[in-house]
Amino acid sequence: MARDLRITRLRIHQFRWEIPDLGLDYNGFNQVYQPGNVLRTTGYVFVIETNAGITGEYVGGNAASYAQVGMVAHYLLGKNPLERERIYNDVKRALRKFDRMGLGPIDIALWDIAGKLYNAPVYELLGGFRRTLPCYASTYHGDENGGLASPEAFADFAQQCREMGYPAFKIHGWGNGPIEREIATVLEVRKRVGPTMDLMLDPACEYNTFADALKVGRACDEASFFWYEDPFKDGGISQQAHRKLRQLIKTPLLIGEHVRTLEPHVDLCVAEATDFVRADADYDGGITGVMKIAHAAEGFGLDVEIHAPGPAHRHCMAAIRNTNYYELGLVHPKIRRTKPPIYKNGYSDELDAIDARGHVPVPDGPGLGVEIDWDWVKKHEVGVKLYD
């Protein structure tokens, strides 16, 4: 049956949901706490159907991703969904003039098909060896609205997360804010939680100058931060700038979220522009792409850290030796639920998803191991695109 398996149709379901008390910051890009506001958010479910009645399902992606899926839909129809390596390389080439974001959802859905066909979770197909994953709490950005609005508020939240069991905590600071406040937050959070909690900082490419990045990096040195991520307005891609920063600070850098697929990540390693390597199945060519990056990083003696939560990332992390933490986010002390309630089986990436050790489980069902609540999707659906 596996040799005769063929892709027969693609479906892209668009839905909307609302998040109370969430809004946008100074330029409309960063999501921040905003009491009384309601943020209306768009999401997607991607489905690959086959002639055997087995479907691959993935929740994630964005409008740009699915525009690219449409560009290669004619190629996918009729292909054997188990030939993931062939599809990865053909689609990667086809999208070479774009950012290749469309490859991620395709590959993840193909892995879901394989797991369902062989009645095994994806992590087993990948050679996975862990059943639970240690997490870090990854915050929403700092705000000016009474939420994460001061160094002390970030320290309060870090202390709360440590008491919940989180072994690590990552700060997303303010957009367009004073560097002195960023530095004060780094130092205050370390002072509050003590030496045993791993701390990270992700400015999300907000700092305007090398001097600002260097000042904050030296504060990270003083506070013994675990990593320092994407500080510059370069967009997280400059090999030269990050190599120069590495020469002047001791805190390890985590770079690579904003370059796509395997080869640019390897270039960052060769250029000594990062210490940890970032990867994301949605951004970097799916599960196939993440595992390629993880193995390349392993060859350099480096760890790969997977960006953002989700079932696909839990399966990948379960099968990667050289990785440390699952990113559980974005989270906030005053916003209890931010993600759509789209899964039936209790799967969650909210703040309270961890156990007492600060771990989350790896889904154990066939494929990605999560069941989509299609009744909820239909109720919130605003559009469907079919390719057949």
### Task
State which residue pairs qualify: first residue farther than 14 Å from ALA137 by Cβ and inside the range 346-365, second residue of a type in the set (A, V, I, L, M, F, W, C) and crowded, with 18+ Cβ neighbours inside 10 Å in any location, beta carbons under 7 Å apart, and separation of 6 or more residues or different chains.
TYR347/VAL370; VAL362/LEU133; VAL362/ALA318; PRO363/VAL370
### Query
Can you spot a residue in the range 370-377 that is over 24 Å from the mean Cα position of the chain (by Cα) and modelled with pLDDT of 95 or more?
yes
### Task
Please indicate, with yes or no, whether at least one residue in the range 304-317 is over 21 Å from ASN89 (Cα atoms) and modelled with pLDDT under 95.
no
### Query
Restricted to the range 35-48, and to residues that are of a type outside the set (A, V, I, L, M) and crowded, with 20+ Cβ neighbours inside 10 Å, which residue is farthest from the chain's Cα centre (by Cα)?
PHE46
### Task
Find the strands (runs of 3 or more DSSP E) located wholly in the range 300-374 whose residues include 3 or more that are within 30 Å of VAL270 (Cα to Cα), and list them.
304-306, 326-331
### Query
Which of the residues that make up the range 318-336 are under 20 Å from GLY43 (Cα atoms) and either buried (at least 22 other Cβ atoms within 10 Å of the Cβ) or at pLDDT 95 or above (or both)?
GLU327, LEU328, GLY329, LEU330, VAL331, ILE335
### Task
Report, by residue number, each residue of the range 263-294 that is assigned to a helix (DSSP H, G or I) and under 20 Å from GLU83 (Cα atoms).
GLY286, ILE287, THR288, GLY289, VAL290, MET291, LYS292, ILE293
### Message
With the requirement that a residue be part of a loop (DSSP other than H, G, I, E, B) and more than 12 Å from ASP198 (Cα to Cα), what does the range 214-233 give you?
### Response
ASP230, PRO231, LYS233
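A quick yes/no check of all residues on (1) assigned to a helix (DSSP H, G or I); (2) surrounded by 22 or more Cβ atoms within 10 Å (Cβ to Cβ):
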{"residue": "ASN89", "(1), (2)": "yes, no"}
{"residue": "ARG93", "(1), (2)": "yes, no"}
{"residue": "ILE108", "(1), (2)": "yes, yes"}
{"residue": "TYR136", "(1), (2)": "no, yes"}
{"residue": "LEU148", "(1), (2)": "no, yes"}
{"residue": "ASP156", "(1), (2)": "yes, no"}
{"residue": "GLU163", "(1), (2)": "yes, no"}
{"residue": "TYR166", "(1), (2)": "no, yes"}
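Quick one: which residue in VAL382, VAL377 is among the β-branched types (Val, Ile, Thr), under 30 Å from LEU10 (Cβ atoms), outside the structural domain of ASP202 (by TED's automatic domain parsing) and part of a helix (DSSP H, G or I)? Steps first, please.
Details: VAL382 fails: part of a helix (DSSP H, G or I).
None of the others qualify; the one that does is VAL377.
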### Task
Confirm whether LEU187 is farther than 21 Å from HIS359 by Cβ and aliphatic (A, V, I, L, M).
yes
### Query
If you take the residues in the range 1-55 that are assigned to a strand (DSSP E or B) and of a type in the set (D, E, K, R), which one is nearest to ASP112 (Cα to Cα)?
GLU49
### Query
Filter the range 134-165 for residues that are among the hydroxyl-bearing types (Ser, Thr, Tyr) and out of contact with any helix residue (DSSP H, G or I) (no Cβ under 7 Å at 6 or more places or on another chain); which is nearest to GLU180 (Cα to Cα)?
SER150
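State all residues of the range 374-384 that are crowded, with 16+ Cβ neighbours inside 10 Å and not hydrophobic (A, V, I, L, M, F, W, C); if no residue qualifies, say none.
Of the residues in the range 374-384, the ones crowded, with 16+ Cβ neighbours inside 10 Å are 376-377, 380.
Result: HIS380, single match.
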### Task
Residue by residue through the range 228-239, note down the ones that are crowded, with 24+ Cβ neighbours inside 10 Å and aromatic (Phe, Trp, Tyr).
TYR228
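Only one residue in ARG100, ARG130 is assigned by TED's automatic domain parsing to the domain that holds ASP352, basic (Lys, Arg) and in contact (Cβ under 8 Å) with a residue 24 or more places away in the chain, so which one is that?
Numbers: ARG100 fails: assigned by TED's automatic domain parsing to the domain that holds ASP352.
Exactly one of ARG100, ARG130 is assigned by TED's automatic domain parsing to the domain that holds ASP352, basic (Lys, Arg) and in contact (Cβ under 8 Å) with a residue 24 or more places away in the chain, namely ARG130.
The values are calculated or read from the model by the stated rules, or taken from the named source; none is laboratory data. For clarity, every value in this text was computed on a predicted model and none was experimentally measured. Please note: Cβ atoms are built from the backbone with ideal geometry, for glycine as well, and neighbour counts cover all protein chains shown.
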